[in-house]
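Notes for the one structure printed next.
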Amino acid sequence: MEAAPLLDRKSDDLQLIGEDGDYLPIRGLKPWWRVFCIETAKLWRIGGPIAFQILCQYGTNSVATMFVGHLGDIELSAFSIALSVVCTFSFGLMLGMGSALETLCGQAFGAGQVHMLGVYMQRSTIILFATCVLLLPLYLFATPILKLLGQKDDIANPAGVFTLMVLPQLFSLAVSFPTQKFLQAQSKVAVLAWIAFLALVSQVFLCWLFINVFDWRATGAAVAFDLTSWITAFAQFVYVVGWCKDGWKGFSWSAFKDIWAFVRLSLASAIMLCLEIWYMMSIIVLAGNLDNAVTAVGSLSICMNIDGWETMVFIGVNAAISVRVSNELGLGRPRATKYSVYVTVFQSLLIGILCMIIVLATRNHLGLLYTNSETMLRAVSRLSILLGITMLLNSVQPVISGVAIGGGWQALVAYINLACYYVFGLPLGYVLGYVANFGVMGLWGGMIAGIGLQTLLLMLVLYKTNWNKEVEQTTERMRKWGGKDICTATTTGESVYHHNRKNTTTTTSKSLNLHFATRSDRVQPPSPRSKTNTSSTLHPNYGPKKTGMSHRHYKNCSSTSNRSKISHPNKDEGRSRKVQQEDGNGVQGGKKDNNNGNHGVWHGVLNSIIVYALDYVNMNGGKVG
């Protein structure tokens with residue numbers, strides 16, 4: 001099986017990388033510097049184009065807001081509510097539902113199951129279209145919902161109209177998110193960057209045409225926003241169908257299989273990301289209830305928009321580290337996963353510090369791109385300190401969320417987000433803003449405290465993570481959803497690597513390896529006429545305790561098929577093994593045996609006896625009788 005792109009072993013890495021493709025234990029400053037350079041190159045080779053692509057996508061939103069902002073303060077506040085509240089609510093839910101695809105596609109690609117990517121993408125598209133239908137009432141009844149949340153009539157009424165106008169953009173996400181994750185998992189990110197850049201150019205031209213030439217005002221911005229979103233979605237889908245033949249095998253009814261399990265993972269991803277995105281959205285809703293609502297909402301929206309530019313860069317890093325983590329886990333490399341996470345978090349923190357310094361140095365001029373109002377500019381300047389702190393915290397938090405997506409920890413992070421944001425941060429912000437009369441500063445300050453607590457807890461989770469266990473869980477996930485079963489046996493403290501099938505016929509007196517055939521009817525037991533030695537040979541010095549195989553592993557392996565065989569690879573202590581099923585060829589050399597008799601049945605029975613015997617010996621400390 002070929003290694004995933006960007007994960008190949010280079011000649012100058014021989015002192016750092018072992019025979020299984022994973023890093024060796026790193027000790028000393030010079031090896032750490034080499035790992036830092038290697039991981040930095042791998043990260044930004046993926047993250048650079050993704051960050052550029054997401055910046056361009058975010059730029060389409062910001063361009064529309066900039067054009068509308070120069071029409072007047074009321075238009076700016078209403079359009080910002082439509083995009084920052086309603087559209088952000090749906091965007092967060094859709095992005096979260098689509099992030100399950102990021103987990104599965106990345107891990108399937110790392111495990112070499114590229115053919116499943118197209119099926120996963122179609123499955124995600126079906127789920128996202130259904131989600132769009134469920135979100136329709138939010139758009140249709142935006143005006144009364146905003147009034148119910150306390151927005152003033154002069155803001156809620158035009159915001160509801162703008163929300164209806166951007167409804168087509170919602171359905172474009174059901175196509176653009178799955179195709180985007182499909183391409184990101186394979187590190188095909190350059191095409192995404194080009195598509196996003198052309199979409200940004202189109203947005204600027206269309207906004208200028210509709211607002212300045214046709215004088216459609218804010219309506220023109222909404223129409224341009226819809227057109228640009230569908231141009232992006234259509235271009236990505238055409239590229240997937242036309243140029244990604246390995247992953248796209250055409251439309252398949254398999255997309256409807258196991259869809260509920262996919263929905264559960266999608267919901268976990270959605271809850272995790274929505275709790276983050278909606279958290280910052282809620283501060284704008286709360287600010288609409290303050291005395292000077294127009295200035296409060298407008299200045300806060302400008303600050304959130306500026307913070308969004310930095311956030312988009314780190315969403316690119318989020319996607320890159322998610323790809324790195326999922327690919328490395330799929331390849332069975334725990335140390336490579338861990339080191340890539342550490343390097344990414346450190347670099348992100350440095351970038352966050354730089355962004356905070358820039359914001360504080362230019363605080364008196366931050367709002368000029370969005371408004372000419374002196375009142376609004378002064379309000380933005382007062383909020384710049386909190387904006388700088390937020391940008392610092394947001395440099396680390398999205399990266400850890402990307403690690404969670406790559407590792408499939410969405411449910412755990414969702415619980416942490418819920419507690420930190422909505423049990424601690426939001427109530428504290430409400431108390432400081434309304435009870436202590438600190439206004440917008442109090443609202444934002446309390447919510448920053450929630451982000452800080454969440455970041456600390458996620459860092460603790462990273463520190464406590466057992467990456468060897470994460471490899472095992474990834475293998476189990478691929479066995480369940482990846483189209484063929486995979487069993488895992490690992491030695492303590494070491495990584496799992498993918499077994500090379502060319503060596504499956506080698507018999508030595510030092511090794512034992514178990515290969516289990518798939519349950520497909522196409523798989524036949526080895527032919528007696530084959531020259532391949534597939535006899536069940538156990539070396540007398542074989543020590544069950546050294547393999548570290550648990551009862552669960554034995555059970556999973558032995559239950560996969562009656563037709564299995566035993567052959568011999570390496571048993572060196574300290575080296576891990578990944579035992580993978582045969583892919584359906586049956587015999588070496590491409591020949592298939594048509595023997596459907598009792599041979600396969602008795603062969604499976606014999607294998608089960610051997611497996612459970614080893615398990616019995618292992619549980620009794622290596623003693624029999």
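The values are calculated or read from the model by the stated rules, or taken from the named source; none is laboratory data. This one's a predicted model, so the numbers in the text were calculated from it and none came from an experiment. Every residue, glycine as well, gets a Cβ built from its backbone with ideal geometry; the counts of neighbours run over all protein chains shown.
For first residues located in the stretch 73-92 and closer than 14 Å to V294 by Cα and surrounded by fewer than 24 Cβ atoms within 10 Å (Cβ to Cβ), partners that are among the charged types (D, E, K, R) and at pLDDT 80 or above and lie 6+ apart or on another chain with Cβ distances below 9 Å form the pairs I74/D154; E75/R217. Being in the same structural domain as G433 (by TED's automatic domain parsing), out of contact with any strand residue (DSSP E or B) (no Cβ under 9 Å at 6 or more places or on another chain), among the hydrophobic types (A, V, I, L, M, F, W, C) and crowded, with 18+ Cβ neighbours inside 10 Å is a property that holds for A255. Here is the figure for the stretch 295-353: residues that are crowded, with 24+ Cβ neighbours inside 10 Å and either charged (D, E, K, R) or free of Cβ contacts under 8 Å to residues at least 40 places away in the same chain (or both) total 4.
For every residue, the table says whether it meets (1) within 30 Å of the chain's Cα centre (by Cα); (2) under 16 Å from G288 (Cα atoms).
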| position | (1), (2) |
| --- | --- |
| V423 | yes, no |
| L426 | yes, yes |
| G429 | yes, yes |
| L432 | no, yes |
| A436 | no, no |
| W444 | yes, yes |
| G450 | yes, no |
| L462 | yes, no |
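Only a single item in (1) within 21 Å of R363 (Cα to Cα); (2) part of a loop (DSSP other than H, G, I, E, B) is not met by N289, and it is number (1).
For the residues W243, W260, the requirement of being surrounded by fewer than 22 Cβ atoms within 10 Å (Cβ to Cβ) and over 27 Å from Q53 (Cα atoms) singles out W260. Checking V191, V166 one by one, the residue that is buried (at least 16 other Cβ atoms within 10 Å of the Cβ) and touching a residue at least 60 places away in the same chain (Cβ under 8 Å) is V166 and no other.
Could you list all residues from the stretch 95-122 that are within 30 Å of M66 (Cβ to Cβ) and surrounded by fewer than 24 Cβ atoms within 10 Å (Cβ to Cβ)?
Passing the criteria: only L95.
Scanning the stretch 130-147 for residues that are under 13 Å from I81 (Cα atoms) and either hydrophobic (A, V, I, L, M, F, W, C) or within 31 Å of the chain's Cα centre (by Cα) (or both) gives Y139, A142, I145, L146.
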